[in-house]
Amino acid sequence: MELVWAVGHLGAAWVAVVLGLIVLPSALGISLGISEAYMWVLVKTLEWATIRLQTGAKKPQPQMPRTPTANGIIERDETTMEKEIALLHRADFEFSHIFYFCRKGFEAIVEDEVTQRFSSEELLSWNLLTRTNVNFHYISLRLTVVWVIGVIVRYCFLLPLRFTLAAIGITSMIVGTTAVGQLPNSSVKNYLSEVVHLTCSRILVRALSGTIHYHNKENRPRKGGICVANHTSPIDAIILTNDGCYAMVGQVHGGLMGIIQRATVKACPHVWFERSEMKDRHLVTKRLREHVADKSKLPILIFPEGTCINNTSVMMFKKGSFEIGGTIYPVAIKYDPQFGDAFWNSSKYNIVSYLLRIMTSWAIVCNVWYLPPMVRKEDEDAVQFANRVRSAIARQGGLTELPWDGGLKRAKVKDTFKEEQQKNYSKMLVRNGSIGSLSAETESD
């Protein structure tokens, strides 16, 4: 009995400390300096570990280039097909042209530029977490002791703390939005809904030990607009709602996610679709246009890539988001992998395993850039507009821009991609008169 009493007192003290030192300051949007002190200690520790790795290794480790494709093993030449084939021989049809396509095929087999975007980016130096860009090797006893201490801190202190904060944040979100949802539609209800969403998002960011730097806040999305951003992780939405409220767009889920969706939609005009409705593009577009047409509603938050891409690249934007009309507010999100890997490899980890990895990392540090609003030009179709927005996000975030569909994570390459290469080769031959000369020779024979 005394043991139960002692555990109860300890639990009450733990909750009181969490509420007083973290939850309450988060709800008020202030900081007591605890996060800043933690990040300072963490940075100094990682700097010391990096120095120990560099000086303690028996063999010097090769320095990896500081580029978004640092984990690449093939150096590719961006020369066009026509120029590369011209280097082999003439630009007319020759059997030697087969070497160009063979080389491209071998490069794709060894390392294509698409599938590597669906795995975690490699680190320049070890960050005292499990994942590293080199095989395990013993450096020193001191470094091993620091790593063991880090494991204890992350799993025995940070994980329970973050789990407590996440439980408080999710519970507050469900209870708060349910209560606000009972009010009649009015400006007061909208205000209280935004307060609840902002407060709970701040608590959830603290549950991730999040340190977020927002840039160009004058370009923040406004009501009646569409916010589009690159997609690295499910926590992208929490990162953005920590600085403003959005209307979410997505499919109806079950379980805990479904409970949150049903509660939040009562207080905020989120746009949730049934699985059958998601396949009807016209219905989806109609509902989104109706939302955008109402300038009193929150901006829609959309991730046009449709899947999570690792923290190095931006892949093809689906054109549907850019057919709705209205003003597009691009946002670039870039995480710092030194403190934790935010990328969700959904083909390798389920959501529970992913959240465990996130909550046992050192911290989530990222930069968010609000770009100037963009509108579709008169002579521009939806695909061209989507590519222009994607290019702006890639430039600002220092990300590699790729034209490939993120759906290739789970699907095979479409035949249209192969046909496009065949068409490009045929056009090259036609421009150089090779097709005409071959036809003339055939007729003469």
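The values are calculated or read from the model by the stated rules, or taken from the named source; none is laboratory data. All of these numbers come straight from a predicted model, not from anything done at the bench. Cβ: placed from backbone, ideal geometry, glycine included. Neighbour counts: every protein chain shown. Ligands, DNA and RNA are stripped out before the accessible areas are found, and what is left, the full protein with its side chains, is counted by its heavy atoms. Shrake-Rupley method; radii C 1.70, N 1.55, O 1.52, S 1.80 Å.
The one condition from (1) out of contact with any Ser or Thr (no Cβ under 8 Å at 6 or more places or on another chain); (2) outside any strand (DSSP E or B); (3) aliphatic (A, V, I, L, M) that residue 386 does not meet is (1). A count restricted to the range 138-194 and to residues that are in a helix (DSSP H, G or I), farther than 30 Å from residue 296 by Cβ and open to solvent by 60 Å² or more (accessible area, probe 1.4 Å) stands at 11. Only one of the listed residues (348, 334) is in contact with a helix residue (DSSP H, G or I) (Cβ under 6 Å, 6 or more places away or on another chain), among the charged types (D, E, K, R) and within 30 Å of residue 146 (Cα to Cα). That residue is 334. Within the range 325-357, the set of residues being modelled with pLDDT of 85 or more and among the β-branched types (Val, Ile, Thr) comprises 327, 328, 331, 333. For the residues 295, 286, 334, the requirement of being closer than 24 Å to residue 158 by Cα and open to solvent by 10 Å² or more (accessible area, probe 1.4 Å) singles out 334.
Kindly indicate whether residue 307 is assigned to a helix (DSSP H, G or I) and in contact with a helix residue (DSSP H, G or I) (Cβ under 8 Å, 6 or more places away or on another chain). Considered against the rule, which asks whether it is assigned to a helix (DSSP H, G or I) and in contact with a helix residue (DSSP H, G or I) (Cβ under 8 Å, 6 or more places away or on another chain), residue 307 comes out as no.
When we screen 351, 324, 364, 358 for residues that are aliphatic (A, V, I, L, M) and crowded, with 24+ Cβ neighbours inside 10 Å, the only hit is 364.
Can we say residue 361 is hydroxyl-bearing (Ser, Thr, Tyr) and more than 30 Å from residue 50 (Cα to Cα)? Taking the combined requirement at face value, the residue does not satisfy it. Hey, among 165, 123, which residue is modelled with pLDDT under 80 and hydrophobic (A, V, I, L, M, F, W, C)? Within the list 165, 123, the selection yields 123.
Only residues that are modelled with pLDDT under 90 and open to solvent by less than 40 Å² (accessible area, probe 1.4 Å) were counted in the range 212-224, giving 1. The residues of the range 247-261 that are more than 17 Å from the chain's Cα centre (by Cα) and buried (at least 17 other Cβ atoms within 10 Å of the Cβ), listed by number, are 247, 261. Would you pick out the residues in the range 13-58 that are open to solvent by 50 Å² or more (accessible area, probe 1.4 Å) and hydroxyl-bearing (Ser, Thr, Tyr)? Once the filter is applied, which keeps residues that are open to solvent by 50 Å² or more (accessible area, probe 1.4 Å) and hydroxyl-bearing (Ser, Thr, Tyr), the range 13-58 yields 31, 38, 55. Residue pairs whose Cβ atoms lie under 9 Å apart, sitting 6 or more positions apart in sequence or on different chains, and linking a residue in the range 376-404 that is among the hydrophobic types (A, V, I, L, M, F, W, C) to a partner that is open to solvent by 70 Å² or more (accessible area, probe 1.4 Å) and part of a helix (DSSP H, G or I), are 382/319; 383/319; 385/319; 386/319. Scanning the range 1-33 for residues that are part of a helix (DSSP H, G or I) and under 27 Å from the mean Cα position of the chain (by Cα) yields 22, 23, 26, 27.
Taking the criterion of being within 25 Å of residue 373 (Cβ to Cβ) and without any contact (Cβ under 8 Å) to a residue 60 or more places away in the chain, would at least one residue in the range 169-189 satisfy it? Yes, the range 169-189 contains at least one residue that is within 25 Å of residue 373 (Cβ to Cβ) and without any contact (Cβ under 8 Å) to a residue 60 or more places away in the chain. Among the residues of the range 310-345, the ones that are in a loop (DSSP other than H, G, I, E, B) and either touching a residue at least 60 places away in the same chain (Cβ under 8 Å) or not small (Gly, Ala, Ser) (or both) come to 21 in all. Determine whether residue 202 is open to solvent by 60 Å² or more (accessible area, probe 1.4 Å) and either at pLDDT 85 or above or assigned to a loop (DSSP other than H, G, I, E, B) (or both). Considered against the rule, which asks whether it is open to solvent by 60 Å² or more (accessible area, probe 1.4 Å) and either at pLDDT 85 or above or assigned to a loop (DSSP other than H, G, I, E, B) (or both), residue 202 comes out as yes. If you go through the range 225-239 and pick out every residue that is surrounded by fewer than 24 Cβ atoms within 10 Å (Cβ to Cβ) and farther than 10 Å from residue 303 by Cα, you end up with 5.
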